[in-house]
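Q: Once you've had a glance at the structure underneath, I'll fire off some questions.
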Amino acid sequence: MLKLVFRVSVSLAVWSGSEWLNLWLLDLDVAQDSGRLLSQEELALYNGEEDSKGLYLAILGQVFDVEKGRKHYGPDGGYRFFTGRDASSAFVTGDFTEAGLTDDVSDLSPSQIVALYDWLAFYQKDYTRIGKLIGRFYSESGKPTDVLKQVEASLAQGLKQKAQAEKENELYPACNSEWRSDRGGRVWCSIKSGGVHRDWAGVPRMLFSPGSGQARCVCVRLDDRTQSNNPNLQQYKDCPPQAESCLLSHD
């Protein structure tokens, strides 16, 4: 049996203070697969319908046997529309119409591509990989196409954005929030708000994204000048500067 190893290693440089940190964020190994190459017509024969050859699906051109998940992927299953084809786009868009069940991922954002690779990792972990689908992502000789290389470039961009967002969330954890029809909204900070466990609570501030005009509520340490002096931070109207909780107007 031909042993193929599919390895995607993305080295990303994320600026942190005065040094670059190299992050190896994805290392997916798929070994001991048959190396089988399937055409679109062959894959369609594995859609789980009567007289079909089995249950296969493809994602990003990689074909998996999902027979053990027949209750989900069989003719009566909730994910039956994925079998017998590559419907990569629908894994993240949720568009299960015929138009949406496509392997064209050119309209997906980098963050959506990251989510799509999470799905790919799921199938690599839980299901048997059969081989590759000839078409958009792999050539007739099984080599990655230019389209797949573009997708991998988008993945690298998405992983970098994700790392930056996680770093920002550590520096500026999200606020807790609630809204009630009788008194409007409230935002507040705690030592666990934003899912970041820490030894300080902080005070609510609006953090604006440059150029977008959009803001989110974050918790800021007033005794940390690196945080509190950020020009993109703004206090909430009519909320005391030191308050750990702010009421929001109805409008």
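The values are calculated or read from the model by the stated rules, or taken from the named source; none is laboratory data. Being a predicted model, the structure only gives us computed values, none of them experimental. Every residue, glycine among them, receives a Cβ derived from its backbone with ideal geometry; neighbour counts consider all protein chains shown. Side chains included, ligands, DNA and RNA excluded: accessible areas come from the protein's heavy atoms. Shrake-Rupley method; radii C 1.70, N 1.55, O 1.52, S 1.80 Å.
Q: State, as an integer percentage, the relative contact order of the chain based on alpha-carbon contacts under 8 Å between residues 6 or more apart.
A: 13
Q: Continuing with the same structure: How much FRET efficiency would the formula 1/(1 + (r/R0)^6) give for residue 45 and residue 215, where r is the Cβ-Cβ distance and R0 is 51 Å, rounded to 0.05?
A: 0.45
Q: Here's another thing I want to ask about it. Using the heavy atoms of the protein chains and a 1.4 angstrom probe, tell me the accessible area per residue for the stretch 172-248 in square angstrom.
A: 61
Q: Also: Under a point spin-label approximation (7 Å from Cα along Cα-to-Cβ), what is the residue 242-residue 190 distance to one decimal in nm?
A: In this crude spin-label approximation the distance works out to 2.3 nm.
Q: How much solvent-accessible surface does residue 166 expose, in Å² to the nearest 10, with a 1.4 Å probe and all protein chains in place?
A: Residue 166 exposes around 100 Å² with every protein chain in place.
Q: Please sort 213-221, 127-135, 142-150 by packing, taking for each peptide the average over its residues of neighbouring beta carbons within 10 angstrom, highest first.
A: 127-135, 213-221, 142-150
Q: Classify the stretch 172-248 as rounded, prolate or oblate, taking a ≥ b ≥ c as the square roots of the eigenvalues of its Cα gyration tensor: rounded when a/c is under 1.5, otherwise prolate if a/b is larger than b/c and oblate if not.
A: The shape class here is oblate.
Q: With point charges of +1 on the Cβ of Lys and Arg and -1 on the Cβ of Asp and Glu, referenced to the Cα centre of the chain, which listed residue (174, 83, 203) lies farthest in the positive direction of the dipole?
A: 203
Q: Students often get this wrong, so check it: of 167/237; 160/237; 143/167; 53/160, which have C-alpha atoms separated by over 31 Å?
A: 160/237; 143/167; 53/160, as the Cα separations exceed 31 Å there.
Q: Could you order the peptides 53-62, 67-76 from most to least packed, using the average number of other C-beta atoms within 10 Å per residue?
A: 53-62, 67-76
Q: Here is a further query. What spacing in nm lies between the two simple spin-label points modelled at residue 36 and residue 143, each 7 Å away from Cα in the Cβ direction?
A: Each label point lies 7 Å from its Cα, and together they span 2.5 nm.
Q: Just how large is the dipole of the stretch 47-187 about the Cα centre, in debye to the nearest 20, putting +1 at every Lys and Arg Cβ and -1 at every Asp and Glu Cβ?
A: 420
Q: Tell me the per residue accessible area of the stretch 46-137 using a 1.4 Å probe; a whole number in Å² is fine.
A: On a per-residue basis, 46 Å².
Q: Quick one: pull the percent of accessible area on the chain belonging to carbon and sulfur, 1.4 Å probe, ligands and nucleic acids left out.
A: Here carbon and sulfur together make up 49 percent of the probe-accessible area.
Q: While we're on this one: How much accessible surface area, in Å² rounded to 10, belongs to the heavy atoms of residue 118 with a 1.4 Å probe?
A: For residue 118, solvent-accessible area is about 90 Å².
Q: Is any residue of the stretch 135-151 close enough, with backbone N under 11 Å, to a label point placed 7 angstrom from the Cα of residue 53 along the Cα-Cβ axis, and if so, which?
A: It comes to no residues whatsoever.
Q: Using the Cα centre as the reference, give the magnitude of the dipole from point charges on the C-beta atoms of the chain (Lys, Arg: +1; Asp, Glu: -1; all else neutral), rounded to the nearest 20 debye.
A: For the chain, the charge dipole is close to 640 debye.
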